[in-house]
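Presented below is the structure to which this report refers.
The values are calculated or read from the model by the stated rules, or taken from the named source; none is laboratory data. Quantities reported herein were computed from a predicted structural model and do not represent experimental measurements. Ideal geometry is used to build each Cβ from the backbone, glycine not excepted, and the neighbour counts take in all protein chains shown.
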Amino acid sequence: MSDAVPAKYQLILGRVLSGLVILFLLFDAGLKLVSPETAIKYSPPNLGWPLEVGTMYLLAILLLIPTLLHVWPRTSILGAILITAYLGGAIATQVRVGNPLFSHILFGVYLGVMLWGGLWLRDPRVRAMIPFRAGAAA
């Protein structure tokens, strides 16, 4: 099968992975927009972010815009790049405060791998940019 058209199982798996990440990110941004007080209540105080309504709104917008860009196929790659940047900031915050590696620090990495993996499976443009080949010599 050609790399230009994903196999049906690749398309389904890619949509599932992308959908899970998108739902999580929309929930996170939505909670910060709709009920910033709830987001503040459940935010760890040691992260160094001001636990204020304005901060929650800012973080929500900084996450919502790239997530919506990622949902639209024409701008999905740009959205993925911007989400990756957001996740990098989240990872840096977790490293800075010394949180546990596998549950906190790497959570952004897990989301990023799912985000890019889903995009790679369903988008031929990404497969063209990142061509994984079985048995390729280094």
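To keep it simple, each residue is scored yes or no on (1) surrounded by 12 or more Cβ atoms within 10 Å (Cβ to Cβ); (2) touching a Phe, Trp or Tyr at 6+ places or on another chain (Cβ under 6 Å); (3) modelled with pLDDT of 95 or more.
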site: ALA60; (1), (2), (3): yes, no, yes
site: THR75; (1), (2), (3): yes, no, yes
site: TYR86; (1), (2), (3): yes, no, yes
site: ALA90; (1), (2), (3): yes, no, yes
site: PHE102; (1), (2), (3): no, no, yes
site: GLY108; (1), (2), (3): yes, no, yes
site: GLY117; (1), (2), (3): yes, no, yes
site: ALA128; (1), (2), (3): no, no, no
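When the residues of the stretch 15-53 are filtered to those that are among the hydroxyl-bearing types (Ser, Thr, Tyr) and part of a helix (DSSP H, G or I), the one that is surrounded by the fewest Cβ atoms within 10 Å (Cβ to Cβ) is THR38. Evaluate the following for THR67: is it modelled with pLDDT of 95 or more and in contact with a Phe, Trp or Tyr (Cβ under 8 Å, 6 or more places away or on another chain)? Criteria not met by THR67.
Looking across the stretch 32-52 at every residue that is of a type in the set (A, V, I, L, M) and in contact (Cβ under 8 Å) with a residue 24 or more places away in the chain, the one that is nearest to VAL95 (Cα to Cα) is identified as LEU47.
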